[in-house]
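A quick write-up on the structure given underneath.
Laboratory data are not the source of any read-out in this text; all were calculated from the coordinates shown. Keep in mind the model is a prediction, meaning the values are calculated, not measured. All Cβ positions, even for glycine, are placed from backbone atoms using ideal geometry, and neighbour counts span all protein chains on display.
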Amino acid sequence: MTVRQRIGVYPGTFDPLTLGHLDIIRRGANLVDRLVIGVTTNPAKSPMFSVAERLIMVEREIADLPSVSVVEFDSLLMDFAEREGASLILRGLRAVADFEYEYQMAGMNQQLNDRIETVFLMADVSLQPIASRLVKEIARYGGAINKFVPPGVAADVARRLEAGSGASSDAAGE
Ligand code: ADP
């Protein structure tokens with residue numbers, strides 16, 4: 001008898017990957033047989049790191065999680081999920097700020113493909129306030145970000161800021 005694997009996708013910008021994201025990844029990995037992290041290009045957000053850099057960053061930080069992998073995607077989320085054979089889309093939910101957008105997106109995605117469920121997870125309470133946008137803002141003003149991101153990511157951000165503009169080398173082309 002073949003047992004169908006339960007596959008989940010976790011889409012996001014991950015610019016940069018935070019401890020909040022990693023907590024959701026660990027919790028999500030416990031719910032599925034295979035978790036595929038989808039890094040979106042999302043040019044509207046003028047990212048600090050290119051997609052290629054974010055893929056390397058995420059890959060490095062999930063190295064200890066054998067059932068988790070990471071890929072780039074720039075298609076409709078439902079098409080990406082379908083392509084990966086996923087039955088679940090994982091999203092993290094932070095307090096009220098995320099709710100309206102996530103609620104709308106999950107509702108519209110349900111209309112596009114009713115076979116794929118969106119599942120919302122809460123990060124550990126101590127990690128809930130963390131947002132990539134604020135991590136970048138704190139770092140740009142010289143604040144310490146080591147409570148919010150893994151050490152490797154803190155080093156990536158420091159290097160990017162030392163190098164100059166704080167924008168990814170190919171941000172304009174993303
Ligand atoms: P997006 O551009 O899709 O919002 P992000 O990289 O900002 O991508 O976030 C990806 C997902 O992770 C989103 O569902 C977001 O709500 C969730 N997330 C981000 N930070 C946290 C956190 N600290 N706690 C819980 N969920 C989070």
Taking K and R as +1 and D and E as -1, what net charge do the other residues with C-beta under 10 Å from the C-beta of residue 122 add up to? 0
Share antiparallel - DSSP beta bridges, region 9-162, percent rounded to 5: 0
The answer for residue 90, listing residues at least 5 apart or on another chain whose modeled amide H is closer than 5 Å to its amide H, is 9, 10, 119
On C-alpha positions alone, give me the angle between the axis of helix 19-29 and the longest principal axis of the chain, in degrees, nearest 10. 20
Determine the shape class of region 1-128: with a ≥ b ≥ c the square roots of the Cα gyration tensor eigenvalues, call it rounded for a/c under 1.5, and otherwise prolate if a/b is greater than b/c, oblate otherwise. rounded
Taking the chain as a Gaussian network, where each spring joins two C-alpha atoms under 10 Å apart, which residue of 138, 62, 37 fluctuates the most? 138
So for the chain, averaging the separation of alpha carbon pairs under 8 Å that are six or more residues apart and normalising by length, what relative contact order in percent results? 32
Can you tally the net charge around residue 26? Count Lys and Arg as +1, Asp and Glu as -1, for every other residue whose Cβ sits under 14 Å from the Cβ of residue 26. -3
